[in-house]
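A short worksheet on the structure shown next.
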Amino acid sequence: MSVTETIVEPPPPQARGWSRARILGYALVGLWIIFGLGIVAYLVSAWNTDFFFRYAPAYLQGLGTTLSLVVVSMIAGAILSLPVTYGRMSKNGILSGLAYCYVYFFRGTPLLVQVYLVYYGVGSFRVELESVGLWWFFRDAFNCGVFAFALNTAAYQAEILRGAIESVPRGQWEGAASLGLHKLLTLRKVILPQALVVALRPYGNELVLMIKASAIVAIITVYDLMGNAKLAYAKSFDFQAYIWVAIVYLVMVEILRNGVEWIERRITVHLKR
Amino acid sequence: MPGPTIWTLLSWGPDGWSDDIAYGALVTIALALATLPFGLVIGFFVAFAKQQEEPSLRLAANIYTTVFRGLPELVTLFLFFFGMPLLLQHVIRWFNPDATIDVNSFIAGMIVLSLIFSSYASEVFLSAFRAIPKGQYEGGYAIGLSKWQTMRKVILPQLVRIAFPGLENCWLILLKDTSLVSVVNLAETLRNAGVAARVTKHSFLFYSLAALVFLVLAILSSIATGFIVRSLARKGATR
């Protein structure tokens with residue numbers, strides 16, 4: 001019998017059975033299952049063919065409004081974020097100060113306040129707007145929503161873009177300069193391809209946040225997904241109106257989140273070691 | 001007769017609205033501060049559950065964050081504000097057939113904001129947990145500390161330092177999200193500013209004032225968190 005055999009004992013077998021963590025875990029998962037079954041049971045018991053067929057088209061149309069609001073303001077915000085990013089990164093004190101104030105204001109105040117400021121606040125200057133010929137734009141609640149959302153997301157997107165560009169090491173700029181590329185070309189051919197890989201996830205998060213935030217426009221009488229749910233609840237006093245809308249939002253957000261993750265996995269294949 | 005000037009509207013007293021908006025700002029702060037401890041504790045335990053080896057605990061925690069991060073804040077708020085009385089009524093009718101329930105909007109706001117805040121904070125705590133090397137736990141066990149003592153004396157002090165910047169971000173989001181509770185008639189900053197705007201027809205003025213209140217709150221928070229960061233750094237190990 002060798003010495004090691006007597007001293008080194010085999011590790012104790014993995015604890016099987018019911019540890020405290022497992023009991024708690026099963027109880028919590030059980031709670032979630034009961035909760036989910038409760039919602040399904042509620043939806044089945046409250047099933048109302050009339051309700052469904054009356055409001056399902058409205059929900060679909062609301063979904064279209066929500067998506068178009070988000071897409072239009074995301075694109076407008078992306079365009080608007082370019083000068084803001086430029087300002088944030090410029091060495092000119094006035095320019096960077098202005099851009100900083102812009103970003104600070106839109107990130108520091110609630111989106112709901114910004115939406116109210118545009119819809120009710122700007123809307124109260126009706127005479128002035130009419131004389132400039134912009135009243136037709138601000139008369140429509142949807143346009144006001146897009147306007148506020150675009151300004152808001154521009155501030156966030158500017159920060160995303162700035163962070164991504166700054167994450168590219170300085171040597172990349174210097175290397176490109178030593179090859180004789182001018183600045184704009186360097187940015188386009190060298191910096192942005194690397195920066196956008198970094199920026200993809202924050203951009204995806206921003207898109208998800210925008211979809212979630214877009215429910216706010218229901219308050220300023222836009223009939224988006226949430227707006228139609230509010231309308232359905234006000235007309236029918238049937239609580240399932242809100243449960244359906246919650247399910248739609250949850251599914252939408254999950255699809256997007258997983259889609260962004262999938263894209264990220266695809267475009268970072270060459271970076272995996 | 002010319003209407004009251006802007007300065008009268010902004011004065012403190014029966015003619016002005018500053019006192020109403022200041023009161024609203026207090027409600028905003030109270031709501032955020034009342035939410036914070038619940039959100040932090042729930043968020044910590046959700047992150048802790050995600051760290052466990054037991055798959056069922058991880059699953060339960062993942063469902064929690066998926067649901068409350070995936071739902072729009074406004075939808076969660078409406079679900080609770082309109083759904084909770086229905087549910088409670090069902091339960092209470094078993095005992096007392098003619099009881100009616102009214103949900104306080106402050107409480108409903110607190111619950112909903114705690115759920116949302118905790119699901120965001122849990123992500124911050126989780127990444128902080130992952131930043132702490134395993135050796136710290138093993139070192140704690142090796143000198144004879146119990147699991148709980150290791151957590152309290154070794155892990156938590158480091159965890160707080162790592163998680164703090166992320167938690168500050170969550171706090172700013174919470175502060176902004178309180179404005180949503182104005183939709184269910186809680187008399188906070190935005191609600192009172194809205195009332196003032198409707199009565200006086202000076203919408204731009206009063207909504208700007210509300211924005212200013214939120215900006216000042218954000219600036220005050222970053223000053224306060226600056227103090228905390230510095231005191232944490234002073235107490236921390238110097239290397």
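Computed from the coordinates by the stated procedures, all read-outs in this text should not be read as laboratory data. Worth saying up front: this structure is predicted, and the values here are computed from it rather than measured. Please note: Cβ atoms are built from the backbone with ideal geometry, for glycine as well, and neighbour counts cover all protein chains shown.
Per-residue Cβ counts within 10 Å, from other chains only, averaged over A:205-218: what number is that?
Working: counts 0, 0, 0, 2, 2, 0, 2, 8, 3, 2, 9, 6, 1, 5.
Mean shielding by partner chains, rounded to a whole number: 3.
Counts of other chain beta carbons within 10 angstrom of each beta carbon in peptide A:245-255 average 4. Give me P(r) over region A:133-222, computed from all C-alpha to C-alpha distances, binned every 5 Å, as integer percentages. Reading upward from the zero bin: 3, 13, 17, 15, 12, 11, 9, 9, 6, 4, 1, 0. Excluding same-chain neighbours fewer than eight residues apart, the aspartates and glutamates reachable from residue A:272 by a Cα-Cα span under 13 Å are A:264.
So if I take the centroid of the Cα atoms in region B:31-103 and the same for region B:195-239, what is the distance between those two points in Å? Region B:31-103 and region B:195-239 have Cα centres separated by 27 Å.
Going by the alpha-carbon gyration tensor, a ≥ b ≥ c the square roots of its eigenvalues, is the protein assembly as shown rounded (a/c under 1.5) or, if a/c is not under 1.5, prolate (a/b greater than b/c) versus oblate? Intermediate values should be presented prior to the final figure.
On the way: a/c = 1.64, a/b = 1.21, b/c = 1.35.
It is oblate, given that a/c is not under 1.5 and a/b is not larger than b/c.
Highest mobility in the GNM of chain B, judged by mean-square fluctuation with C-alpha springs under 10 Å and restricted to B:56, B:118, B:18, is found for B:56.
Within the same chain, aspartates and glutamates fewer than 8 places from residue A:212 are excluded, and of the rest, those with a Cα less than 14 Å from its Cα are A:224, A:254, B:73, B:177. Per-residue mean of foreign Cβ neighbours for A:96-108 is 2 (Cβ atoms of other chains, 10 Å radius).
Under a plain spin-label model, where a point goes 7 Å from the Cα along Cα-to-Cβ, how far apart in nm are residue B:201 and residue B:11? Distance between the two pseudo-spin positions: 2.1 nm.
Rounded, prolate or oblate: which fits region B:1-135, taking a ≥ b ≥ c as square roots of the Cα gyration tensor eigenvalues, rounded meaning a/c under 1.5, else prolate when a/b beats b/c?
Numbers: a/c = 3.37, a/b = 1.53, b/c = 2.20.
It is oblate, given that a/c is not under 1.5 and a/b is not larger than b/c.
Here's the list of aspartates and glutamates a cross-link from residue A:189 could span, going by alpha-carbon distance under 16 Å and ignoring same-chain residues fewer than 8 apart: A:166, A:174. Any idea what the relative contact order of region A:72-203 is, in percent, if you count C-alpha pairs under 8 Å spaced at least 6 apart? This gives 32 percent for region A:72-203.
When the listed pairs B:153/B:235; B:176/B:201; B:147/B:235; A:91/A:183 are checked against a 18 Å cut-off, the alpha-carbon distance exceeds it for B:176/B:201; B:147/B:235. Put the Cα centre of region A:194-258 next to the Cα centre of region A:15-50 and the gap is 25 Å. Annotation for residue A:39 and residue A:262: the two label points, set 7 Å from Cα along the Cα-Cβ direction, are 2.2 nm apart. Near residue A:121, once Lys and Arg are set to +1 and Asp and Glu to -1 for all other residues with Cβ below 13 Å from its Cβ, the sum equals +2.
What does the charge count around residue B:51 come to, taking other residues whose C-beta lies under 13 Å from its C-beta (Lys +1, Arg +1, Asp -1, Glu -1)? Could the numbers behind the result be given before it?
Values: positive: B:50, B:58, B:130, B:134, B:147; negative: B:53, B:54, B:123.
Computed value for this residue: +2.
Within the shell defined by Cβ-Cβ distances under 15 Å, the residues around residue A:58 carry a net charge of 0, with Lys and Arg each +1 and Asp and Glu each -1. According to the Kirkwood relation over distinct C-alpha pairs, the hydrodynamic radius of region A:51-271 is 19.6 Å.
Which of rounded, prolate, oblate describes region B:6-235, given a ≥ b ≥ c as roots of the alpha-carbon gyration tensor eigenvalues and a/c under 1.5 marking rounded, otherwise prolate only if a/b is larger than b/c? Because a/c hits 1.5 or more and a/b fails to exceed b/c, region B:6-235 counts as oblate.
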